[in-house]
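Everything on this sheet refers to the single structure shown next.
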Amino acid sequence: MPDIYEVEDNYRPKPDDRRLIEEFRKNPIGHHSPDLQRLLNRLRSGPMADKYCLVVIKPSREWQLAKTSGVPGKPLKMLSQRFTRMDDAEWYVFRQRWKALTGETLR
Amino acid sequence: MMKITAYADQVSAAPGETIDFMVNCEAPTFKADLVKLICGDMNPDGPGYKEKNIKAIGKYKGRKQVIHAGSFVEVPTAEQLQSLQSFTFQAFIWPTTPDKGMQAIISNWSDSGQAGAALIIAPDSKGIGLCLGSGKGKAELVTTGKALLAHEWYFVAASYDAKTKSVTLVQEPMHNHVGAKDAAKTKKKVKTARIGKHADPVILGAYFKQNDKGRTVCGGHLNGKIDSPRIANRSLDVAEMEALKSGPISGALANDVVASWDFGADVTSIHVTDTSPNMLDGEIVNMPVRGMTGWNWTGDEMCWRHAPEEYGAIHFHDDDLHDAGWQVDFSLTIPKGLQSGLYAARLRCGKGEENEDYVPFAVLPPRGTATAKICFLLPTGSYMAYANENMGFDVPMAQLLGGRLVEHNHQDIYRNAHREYGSSCYDSHSDGSGVCYSSRLRPILTMRPKYRSWVGGVGSTLWQFNADTHIIDWLEAMGYDYDVVTDEDLHYEGVSAIDKYNVVLTGSHPEYHSKEMWDAMDTYQQRGGRLMYLGANGWYWRIAYHSETPGIMEVRRGEGGIRAWEARTGEYYHSFTGEYGGLWRRNGKAPQKLLGTGFSAQGFDISSYYRRKPDSFKKEVGWIMKGIGKDEKIGDFGLIGGGAAGLEIDRADRLLGTPPGAYVLASSEDHTDIYLVVCEELLINYPGLGGQENDLVRADIVYYPTQNGGGVFSTSSIAWSGSLSHNGYNNNVSQMTKNVLDRFASNKPMEG
């Protein structure tokens, strides 16, 4: 299940926006161009049902990917991916959300 | 999942005083130790986790203790209630989740015996209903069959005539919506010939289930408001029900009315008054919200004190919680001679984080004394406001605010599974209304050493309690003697709690203050006390503590400010005190008046640094800038977002109260566009509110002397404390903090 809104909205990436992929990969957290920030706002604003999140395995050192249920009280769905860098987790989730939004698989 | 959770009855105690601890433990035994907390940060890039064993408290038998959430009014049973056969129950209601299953409005019911009667919202969206129990076999239910609309006022009534075995139900909407089909007047014959007698209490907003070690446990909790609940001792006809709806009871019904509760009286109290001669008074349990607009609220008055007859409603929630009411597992008397500081009972029932919990508290200096010149004011009011906050689980915008994925800890996962542990004042109840009360008489799993919060910026990701251990750690590492005093001490004792100290240090985020606390800090400053405001978003919300029952605070998120929810119109006044709630800024006391700076912007991804401003080169403030180069960036490092200026940041503003003589020593710059100007600044919304463009997105470091040799130094950033330990505590954030603290702690008056 994609964790971004599937409804029609007023912003979808245009072909030229593919340049933002590389900008994000180089620096997932921090200063971004206005165009990348707009894309990230789109990707991160999905509802809580099946929304990606992280569970701390080792503080500041290791995280496991999970999804929230969207129903208060209902547990997280733990996924298999683990990351030792927060940036790697961001890049992984970015690719999943990009695919859900555009249909394109990023390597 | 965590196997052990606990809380204490006190958040501070002086040597010789005793704290009780209540523990839920799924293991056969647990061990309790008294530890001194120094640094709660588990980030390997930081100074490391530090606690000091003080003494073993003991080994205890584990037992499971559970929380019964959900509020109600409990009225002890009385002869007049037990003897009811024919009767009428009636009230105004404003249901918020009418389709959520059975919810009791007025119940004189014994669940174990299936005896009595209850006016309810019926299951399966069948409108209101009357449940009758003879005490022999299955209860009988009569409903209107007409679904109620959420957030609409209704007059509802149910009568039962034992002689004719007939029930009358009235479901009268106060506003008729075309096509709604939610009105009903139903008369039906029933099988029940006699109501079963019982000795259980009458409950409003739920029904009685059982007693659990002195706690009343209810079911069928109502989400929504009840106004003017009344009971008569015979089956009234519809005209009589109308006559009894509200206002004084007419002489014609004087012999018939058994109880007439006035929720608009006693708003500040847990007491509920029955205005009938029977005086069947009750008490609220689990703190449903009082001071709420009633069915007849006109909007002419905004304060419940001015028109109590229009504020006759209590809003009940199925997830309200005040006192968990657990049994005491052990007590700790603070040893004589134990140095004031931040301590905890460390509880372990096995190995690993799932088998461990901490219950933090402050050890005060011996009563009436100060044992240091420095006081750290532990912002327990703010910890309570954020207690068990669930935004990371519930709110989609969390990832937008943080500019990254939300992180969850084992405590978060446990709290999500145990919503009965109660919410924070940043959450909404299950019916969508905001949580305006928060109690510390329950395990607060966000107020723990080692805990990380999604909102704490990249890096160590700390917030509130655990972030404040960075300040404790710095004081310890730098060799300062200090006492610890809490918000509640300041609230209850006033300025005497801090007036023996040369300097008071705040936490990283001292956001919530009662009038008593505000006045005490103001007086402290006027007398020459010195304040180091080592954070941001301080003195922002006005709060109140309950005057009758400890450990619970109130905030009304009124007409301005960064609000996780918004109080409904007409509900801006504290029920605990009658004060106008909301921002201190809207109470004529913007933070700049007390601190020199006030909340200006927020963002939760990365932090930034400060640059020196012209004021910093003036000779009068040379002692603050000693050791800091002319072009040096201040705080371009740190554990909270990688910089000293970040998360929430404050600015000086003469028009909001920054003193005319204030020195703006440095200002932050280059924040990301995740940072946005606070909404109380937006009279007209406009483009360009982000950190890359807007000048209001900045933190100002400010100093000014005050009368009688006092002074105020404000760093204006929540992230400041995360930079103190950088490079073995040898850095310009640590240097500036030390420069000021050494001067403020001295007996020499500041020069004006």
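The values are calculated or read from the model by the stated rules, or taken from the named source; none is laboratory data. Only a predicted model underlies this, so the values are computations on that prediction, with no experimental measurement involved. Counting neighbours? That spans all protein chains shown, and the Cβs are built from the backbone with ideal geometry, glycine included. Just so you know, the surface numbers come from the protein's heavy atoms only, side chains and all, with ligands and any DNA or RNA stripped out. Shrake-Rupley method; radii C 1.70, N 1.55, O 1.52, S 1.80 Å.
Structural remarks
- Residue in region B:299-318 that is touching a strand residue (DSSP E or B) at 6+ places or on another chain (Cβ under 8 Å) and over 28 Å from residue B:150 (Cβ atoms) present: yes
- Selection count, region B:467-491, where residues are within 20 Å of residue B:47 (Cβ to Cβ), within 20 Å of the chain's Cα centre (by Cα) and among the β-branched types (Val, Ile, Thr): 0
- Some residue of region A:13-21 being of a type in the set (A, V, I, L, M) and more than 7 Å from chain B (Cβ to nearest Cβ): yes
- Condition check for residue B:404: open to solvent by 10 Å² or more (accessible area, probe 1.4 Å), in contact (Cβ under 8 Å) with a residue 12 or more places away in the chain and among the charged types (D, E, K, R): no
- Elements of type strands (runs of 3 or more DSSP E) in region B:68-131, at least 2 residues being among the charged types (D, E, K, R): none
- Restricted to helices (runs of 4 or more DSSP H) entirely inside region B:346-445, those with at least 1 residues that are away from chain A (no Cβ under 11 Å) are B:380-385.
- Within region B:55-67, being charged (D, E, K, R) and either part of a helix (DSSP H, G or I) or closer than 30 Å to residue B:283 by Cα (or both) holds for B:63, B:64.
- For region B:196-216, a residue qualifies if it is more than 18 Å from residue B:278 (Cα to Cα) and surrounded by fewer than 23 Cβ atoms within 10 Å (Cβ to Cβ), and the qualifying residues are B:196, B:197, B:198, B:209, B:210, B:211, B:212, B:213, B:214, B:215, B:216.
- Matching entry among B:499, B:481 (being farther than 30 Å from residue B:407 by Cα, in contact (Cβ under 8 Å) with a residue 60 or more places away in the chain, surrounded by fewer than 23 Cβ atoms within 10 Å (Cβ to Cβ) and more than 14 Å from chain A (Cβ to nearest Cβ)): B:481
- Which numbered condition residue B:57 fails, given (1) assigned by TED's automatic domain parsing to the domain that holds residue B:358; (2) closer than 30 Å to residue B:312 by Cβ: (2)
- Qualifying residue in region B:547-559 (condition: among the hydroxyl-bearing types (Ser, Thr, Tyr) and open to solvent by less than 10 Å² (accessible area, probe 1.4 Å)): no
- Residues located in region A:82-96, provided they are among the acidic types (Asp, Glu) and within 10 Å of chain B (Cβ to nearest Cβ): A:87, A:90
- Within region A:22-33, considering residues that are open to solvent by 50 Å² or more (accessible area, probe 1.4 Å) and under 16 Å from residue B:405 (Cβ atoms), the one nearest to the other protein chains (Cβ to nearest Cβ): A:27
- Among the residues making up region A:34-43, those that are within 9 Å of chain B (Cβ to nearest Cβ) and open to solvent by 10 Å² or more (accessible area, probe 1.4 Å) are A:34, A:37, A:41.
- Subset of region B:86-111 (residues that are open to solvent by 40 Å² or more (accessible area, probe 1.4 Å) and out of contact with any strand residue (DSSP E or B) (no Cβ under 7 Å at 6 or more places or on another chain)): B:99, B:100
- Here the strands (runs of 3 or more DSSP E) wholly within region B:636-752 that include at least 2 residues being out of contact with any Ser or Thr (no Cβ under 9 Å at 6 or more places or on another chain), touching a residue at least 24 places away in the same chain (Cβ under 8 Å) and in the same structural domain as residue B:621 (by TED's automatic domain parsing) are B:700-706, B:710-714.
- In region A:57-81, the residues that are more than 7 Å from chain B (Cβ to nearest Cβ) and more than 20 Å from residue A:94 (Cα to Cα) form no Cβ pair under 6 Å with any partner that is of a type in the set (Phe, Trp, Tyr) and open to solvent by 30 Å² or more (accessible area, probe 1.4 Å), whether six or more places apart or across chains.
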